[in-house]
1. Are any residues in segment 394-415 outside any helix (DSSP H, G or I) and touching a helix residue (DSSP H, G or I) at 6+ places or on another chain (Cβ under 6 Å), and if so, which ones?
2. For residues in segment 349-366 being surrounded by 24 or more Cβ atoms within 10 Å (Cβ to Cβ) and within 14 Å of the ligand (Cβ to nearest atom), which is nearest to Leu234 (Cα to Cα)?
3. For segment 342-363, state whether one or more residues are assigned to a helix (DSSP H, G or I) and within 27 Å of the chain's Cα centre (by Cα).
4. Here is a check on your reading of the model: is Leu391 assigned to a helix (DSSP H, G or I) and touching a His at 6+ places or on another chain (Cβ under 7 Å)?
5. If a residue counts only when it is near the ligand (Cβ under 8 Å from one of its atoms), which helices (runs of 4 or more DSSP H) contained entirely in segment 246-316 have at least 3 such residues?
6. Output the residue which, of all residues in segment 57-99 that are within 16 Å of the ligand (Cβ to nearest atom) and of a type in the set (Gly, Ala, Ser), is farthest from Ala16 (Cα to Cα).
7. Any residue in segment 169-196 that is farther than 28 Å from Glu63 by Cβ sitting within a Cβ distance under 8 Å of a residue that is more than 16 Å from the ligand (Cβ to nearest atom) and β-branched (Val, Ile, Thr)? List the pairs, counting only those 6 or more apart or interchain.
8. When you go through (1) assigned by TED's automatic domain parsing to the domain that holds Ser87; (2) in contact with a Leu (Cβ under 7 Å, 6 or more places away or on another chain); (3) more than 16 Å from the ligand (Cβ to nearest atom) one by one for Ala400, which number turns out not to apply?
Amino acid sequence: MTTAARTAPISDIKDAKLAAEGRRRTEWAERSMPVLRQIRDRFTRERPLAGRRLSACLHVTTETANLAVTLQAGGADVALCASNPLSTQDDVAAHLVRDHGIKVFAIKGEDHVTYYEHLRAALAHRPDVTMDDGADLVGALHMIALNRLDDLAPPVRQWVETLPAAERKALVAAVIGSTEETTTGVIRLKAMARDGVLQFPVVAVNDSDTKHLFDNRYGTGQSTLDGILRATNLLIAGSTVVVAGYGWCGRGFAMRARGAGATVVVTEIDPLKALEAQMDGYRVAPMAEAARVGDVFVTLTGNINVIRLEHMRAMKDGAVLANSGHFNVEIDLEGLKQAAQGPTRVREFVEEWRLDGKRIFVLADGRLINLAAAEGHPASVMDMSFANQALAAEFVVQQAKQLTKDVHRIPRELDAEIARLKLQAMGVTVDTLTPEQQKYLASWEMGT
Ligand SMILES: NC(=O)c1ccc[n+]([C@@H]2O[C@H](COP(=O)([O-])OP(=O)(O)OC[C@H]3O[C@@H](n4cnc5c(N)ncnc54)[C@H](O)[C@@H]3O)[C@@H](O)[C@H]2O)c1
């Protein structure tokens, strides 16, 4: 483990003294999470997760703290590790350990080895329910199940090698189900289900409408811009922003960049999304063309090497590159490292590279810019995402015996209920169908 302070043998965090600030900020976030609060109240009464050991690999933010406390209120024994080395808020980690006795293994800026040490600690909690943002826990459990130990990161592999075969088996067999937060994780899990290797049922939280329509679009849209601004303090008005990927996240960010006064260029590989971007009023171009005109480039695709060396060579002096997709693979940083001089750190989250005599600035090592340089999504949107997570955990526990080893979504009624509660909390009322309208919509005989 790191040399950072250890506050308790069952946690590894930066500094316990940060707890009071973490508590204040977590309470601030809670004010904007009325749906999760209602679920917490019910969980406190009903204890649907009683006796469950739950390991979560999530961004350790104020919103996640509110989720962790909700799961604990439901009766779960919770262990939490980070789903990204840069996204941990150290004060929040300290608060969860000190004020709630939750086991937390996360330190902002942790190196690769420590990141996986922490993942190992979450596995060593021996969960029967897991919760992922990017499928790292489930991925490791499957490498163990399939005896592909060479594919595990060394800290996890070395620990697994000390376990007798029966214990390794038991570690995987104990998991009755899992939940997954993000698009990239869901894509991986669906690939596992397709290949027939999925060992337990998984609930794709991202597939809920009250998740991807809001978190990915409005959450990522706002917080990605926030991250870029905090990292650089650039003026967006009058600049050209290139948005790679026009999915839920890309749509949200393009909308906010335009709102801030940028000329937005979208790159896509899907003709339908490209057409949508064009009709939404953006310029659509291949990256090779966009590279020449962009001032700021943001990748939100979930894909690999979307901005490559050939694109960087075509960029203007001073181009700024950031990523808001799940993994730090969307910008070819390896290629840049081979061909360019640097890096020189010019601000906290800004590194300058010299390529063919021009400067290229990479933000936050190409990791999720909104979580590295800002605070991730605002609490109000995470309210819905984490309401889904809490209900998904309950669903897994209630339905474990009936669910097949596949990727499921929470029932649509629960998704709709989250939307209803959110509207209620916002003070918005909507119409309901009249009996006549219900009949009309259900009939095929009634015409003009
Ligand atoms: N930053 C955050 O906080 C945050 C939040 C939610 C999701 N995510 C992550 O963001 C990524 C995108 O998520 P999403 O929900 O928008 O997914 P999505 O599937 O809705 O959109 C991805 C888009 O990228 C396009 N694409 C793929 N390869 C491309 C390429 N080479 N060039 C241009 N476009 C390409 C796809 O056609 C698609 O339209 C995922 O990795 C997801 O896990 C990040």
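1. Asp406, Val407, Arg409, Ile410, listed by residue number.
2. Restricting to residues being surrounded by 24 or more Cβ atoms within 10 Å (Cβ to Cβ) and within 14 Å of the ligand (Cβ to nearest atom), the top hit is Leu363.
3. Within segment 342-363 (the criterion being assigned to a helix (DSSP H, G or I) and within 27 Å of the chain's Cα centre (by Cα)), the answer is no, since none of the residues qualifies.
4. Answer is no for this residue.
5. 248-259
6. Ser83
7. Here the result reads Leu171/Ile144; Val172/Ile144, each pair linking segment 169-196 to a residue that is more than 16 Å from the ligand (Cβ to nearest atom) and β-branched (Val, Ile, Thr).
8. (2)
The values are calculated or read from the model by the stated rules, or taken from the named source; none is laboratory data. Being a predicted model, the structure only gives us computed values, none of them experimental. FYI the Cβ positions are ideal-geometry reconstructions off the backbone, even for glycines, and counts take in every protein chain you see.
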